[in-house]
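Written below as structure tokens is the structure these notes are about.
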Amino acid sequence: MSKRPTIKDVAKLAGVSIATVSNVMSGSKPVNADLRERVEGAARALSYQIDRSASRLRSGQTKVVGVLVPDLDDTFFTSLVSRLEVMAGKDGYDVVVASSRDDVELEKSRLSALLGWRPAGLVAVPCSDTVPAILVNEAHRLPMVLADRVISGSADIDSVTIDNFEAGEIAARHLVSLGHRDVVIAASNLSISPIRERVRGAETFMHAAVGVAPIVVELGSNGERGAEIFAHWLERNTCPTAVIALTNVTTLSVLSTLAARHVAMPEQVSIIGFDDYAWMSARKAAVTAIRQPIDEMARMVWDRLRARMLGDTSPPHLIELNATLQVRNSVSNLLGPHSRDADLTVPQATNVASAKGRKSVH
């Protein structure tokens with residue numbers, strides 16, 4: 001078996017000192033473009049990889065940030081990870097990603113593995129309403145930020161979330177303003193606080209506005225299984241006039257079920273989706289959706305983590321952002337084109353969160 005190339009081999013091939021190779025690879029000191037190109041070319045030729053564990057032992061520092069999410073099959077979480085990777089890279093950090101697969105026990109194992117890297121910081125989206133004990137215990141020494149699935153005030157750790165109650169209310173308000181009363185909510189897991197809050201927001205508004213409550217159907221977090229559950233529900237119930245899907249996965253589950261049953265949207269049933277990705281517009285009837293401010297969420301998460309890694313010791317920041325409604329043509333107007341109730345309408349959404357959406361409590 002051939003010997004693994006070393007930093008000395010790279011330095012020899014590039015005709016530079018070991019210190020220069022180290023500076024190029026670590027980014028710790030500026031190196032002119034010619035030397036950098038020679039070093040990187042030599043490293044590629046030798047298939048050299050940095051031994052980060054050895055580097056960490058020598059310096060006592062690491063430029064690695066850990067990111068834990070519940071499910072990498074969920075587009076929302078992969079979008080969050082992708083944006084964090086870009087921002088971390090600009091600041092000279094590498095990102096190590098792990099998924100808990102929505103399993104509390106696996107979450108403990110994944111966190112232990114991430115902490116084994118002795119990262120400079122950690123971003124975590126808990127898979128349940130309970131912040132893992134290992135994070136609570138580490139919070140005093142390790143810079144970290146919690147995102148998305150966090151109950152406000154559940155831990156003394158920086159967190160970035162959206163106003164999920166308001167998100168559910170926005171969806172219900174839009175449907176009611178167009179005459180819909182028979183509404184089904186396609187939830188993922190009601191054991192998760194953000195989903196419960198979206199349901200509560202929709203239920204509270206509809207009960208106050210029209211005196212009826214939507215029906216809630218729990219579909220889980222797997223798209224195919226969710227489609228089966230929704231199809232089973234439709235076989236035993238009258239099709240509603242509208243569906244609010246509370247995640248991008250449940251949106252896909254509902255659309256798949258309706259397509260398989262040849263139910264036309266919005267002629268036979270209206271849909272409001274969640275998270276708003278490109279595929280929601282790539283349809284004959286583009287999907288009206290609640291858009292989470294993923295770019296701003298990622299930026300807020302990284303800004304807080306970077307501040308903590310740089311020594312910020314201020315009290316925890318609890319940041320709550322606002323979702324917006326992207327109106328397209330998947331919702332029919334049951335009242336006619338000129339009969340919309342002005343008291344129930346919502347303003348046209350923008351891609352910029354409101355001042356409330358930048359609220360930071362600490």
- Item | Extreme residue, surrounded by the fewest Cβ atoms within 10 Å (Cβ to Cβ), among residues of segment 179-196 that are farther than 22 Å from L234 by Cβ and touching a residue at least 40 places away in the same chain (Cβ under 8 Å) | S191
- Mind checking which residues of segment 190-204 are modelled with pLDDT of 95 or more and out of contact with any Leu (no Cβ under 9 Å at 6 or more places or on another chain)? L190, E197, R200, G201, E203, T204
- Query: Of all residues in segment 170-198, which are under 23 Å from S332 (Cβ atoms) and part of a helix (DSSP H, G or I)?
  - Reply: I170, A171, A172, R173, H174, L175, V176, S177, R198
- Item | Residues that are outside any helix (DSSP H, G or I) and either of a type in the set (A, V, I, L, M, F, W, C) or within 23 Å of the chain's Cα centre (by Cα) (or both), drawn from segment 202-225 | V212, A213, I215, V216, V217, E218, L219, G220, S221, N222
- Output the residues belonging to segment 114-149 that are in contact (Cβ under 8 Å) with a residue 40 or more places away in the chain and either more than 25 Å from K63 (Cα to Cα) or part of a strand (DSSP E or B) (or both). G121, L122, V123, A124, C127, S128, D129, M144, V145, A147, R149
- Task: Go through L146, L122, L115 for me and flag whichever is modelled with pLDDT under 95 and either more than 20 Å from M300 (Cα to Cα) or assigned by TED's automatic domain parsing to the domain that holds D74 (or both).
- Result: L115
- Checked segment 120-150 for anything closer than 22 Å to I244 by Cβ and surrounded by fewer than 21 Cβ atoms within 10 Å (Cβ to Cβ); matches are D129
- Message: Being under 29 Å from A19 (Cα atoms), small (G, A, S) and surrounded by fewer than 18 Cβ atoms within 10 Å (Cβ to Cβ) is the requirement here; does G66 meet it?
- Response: no
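The values are calculated or read from the model by the stated rules, or taken from the named source; none is laboratory data. In this text, all values refer to a predicted model and were calculated from it rather than measured experimentally. In this analysis, Cβ positions are derived from the backbone assuming ideal geometry, glycine residues included, and neighbour counts consider all displayed protein chains.
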